[in-house]
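Below you'll find the structure, written out as structure tokens, and then a few comments.
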Amino acid sequence: MISFCQFGAGRIGAIHAANIAAHPAARLSIIVDTDPAAAERLAGRYGARVGNRAEALADPGVDAVVIASSTDTHADLVEAAARAGKAIFCEKPLDLDRRRAEACLAVARECGVALMVGFNRRFDPNFARLEREMRDGRIGKLETLTITSRDPAPPPLDFVRRSGGLFRDMMIHDLDMACWLSGEAPVEIFAMASVLVDPAIGDAGDVDTAVVTLRMQSGALCQISNSRRAVYGYDQRIEAFGSKGALRAENVVESTVAFAGDGGIVTDKPLPFFLERYAEAYRRELDHFIGAVADGTAPLVGGDDGIRGLALADAAAESYRTGRAVTL
């Protein structure tokens with residue numbers, strides 16, 4: 001039985017807490033959050049207790065930590081947990097500053113603890129099957145990869161101001177997917193972006209619409225399309241095109257029921273947002289982490305993946321800022 005301390009009792013924290021509590025080989029022991037009321041509610045729901053950082057990390061009964069607190073706390077918590085000898089699951093990003101992220105990864109390596117970064121989309125059943133079929137050679141040699149990711153509505157402006165920007169907050173998931181699905185690293189990146197959804201996002205120093213093109217080592221091309229608004233729901237699609245054919249992962253909809261009439265065929269919209277769309281992915285990624293800790297094996301998504309995603313997001317931001325392709 002792996003005992004967990006979780007930092008963070010917000011939206012993502014609630015998802016992880018439920019998945020830990022539901023796992024037969026895990027126990028949620030301690031919740032730490034800057035909001036005592038939120039920590040008490042979540043702890044009470046799953047039979048955990050509320051604690052503080054020092055107490056939790058000093059507890060010899062705690063085997064692992066989940067870091068689901070605000071981004072500005074991630075790197076410090078990774079270092080503190082590593083020095084306490086705890087296995088670490090950390091939501092992305094490790095930090096908004098790549099040098100700080102690299103420093104905390106170095107501490108985790110020095111301490112010899114397991115570290116997994118929360119790129120949950122790799123664990124989505126549909127995307128995982130697409131990746132397996134690509135690896136099995138079903139489409140032959142990959143030529144183009146198209147990733148579409150559009151939020152249903154923009155986030156609050158206070159979040160925009162502290163998020164690190166669309167490339168680091170939102171597109172970082174898609175940049176990770178591009179590398180994972182293609183099985184290779186990009187050698188060049190070019191980004192274009194605009195403010196088309198809400199002028200206030202531009203006033204806050206960010207963009208709300210972006211298209212990025214990656215040239216991979218093999219010459220394959222990947223295009224990522226992001227928007228902060230899709231009036232029809234949470235748009236999450238991938239197409240891989242190769243020498244022998246194509247694979248597509250379509251949106252997950254609220255129901256498979258469709259109406260057909262003389263005016264056409266009407267289906268339900270995609271699921272509303274990431275908590276619903278990726279519920280199974282969140283469960284599977286934590287299952288994987290628990291299994292890795294129990295077996296003493298390295299998680300499939302490690303600190304290097306977190307650094308690479310951040311480096312690519314930084315390069316995309318640089319390309320947008322300069323109007324030039326960036327060689328990687």
ask   = Limited to the range 201-236, what total is found for residues that are acidic (Asp, Glu) and either at pLDDT below 95 or within 19 Å of the chain's Cα centre (by Cα) (or both)?
value = 2
query = If residue 188 satisfies every condition in (1) on the phi < 0 side of the Ramachandran plot; (2) in a loop (DSSP other than H, G, I, E, B) but one, which is the exception?
reply = (2)
query = Do we have residue 274 as at negative phi, buried (at least 20 other Cβ atoms within 10 Å of the Cβ) and at pLDDT 95 or above here?
reply = yes
request  = Would you check which residues across the range 293-309 are open to solvent by 40 Å² or more (accessible area, probe 1.4 Å) and in contact with a Cys (Cβ under 8 Å, 6 or more places away or on another chain) and list them?
outcome  = 308
message = So, in the range 78-105, exactly how many residues are buried (at least 24 other Cβ atoms within 10 Å of the Cβ), in contact with a Lys or Arg (Cβ under 9 Å, 6 or more places away or on another chain) and either assigned to a helix (DSSP H, G or I) or among the basic types (Lys, Arg) (or both)?
response = 1
key: Residue check for residue 25: touching a residue at least 12 places away in the same chain (Cβ under 8 Å) and more than 22 Å from the chain's Cα centre (by Cα)   = yes
query = When you go through 218, 225 one by one, which is the residue that is small (Gly, Ala, Ser) and either in a loop (DSSP other than H, G, I, E, B) or open to solvent by less than 10 Å² (accessible area, probe 1.4 Å) (or both)?
reply = 218
message = I'd like the residue in the range 157-209 that is farther than 27 Å from residue 127 by Cβ and among the acidic types (Asp, Glu) and, out of all such residues, is least open to solvent (accessible area, probe 1.4 Å).
response = 198
remark   = When the range 138-156 is checked residue by residue, the ones that are acidic (Asp, Glu) and open to solvent by less than 50 Å² (accessible area, probe 1.4 Å) are 151
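The values are calculated or read from the model by the stated rules, or taken from the named source; none is laboratory data. Since the structure is predicted, the reported quantities are computational estimates derived from the model, not experimental observations. Neighbour counts are summed over all protein chains in view; Cβ atoms, including those assigned to glycine, are modelled from backbone coordinates with ideal geometry. Calculation scope for accessible area: heavy atoms of the full protein, side chains included, ligands and nucleic acids excluded. Shrake-Rupley method; radii C 1.70, N 1.55, O 1.52, S 1.80 Å.
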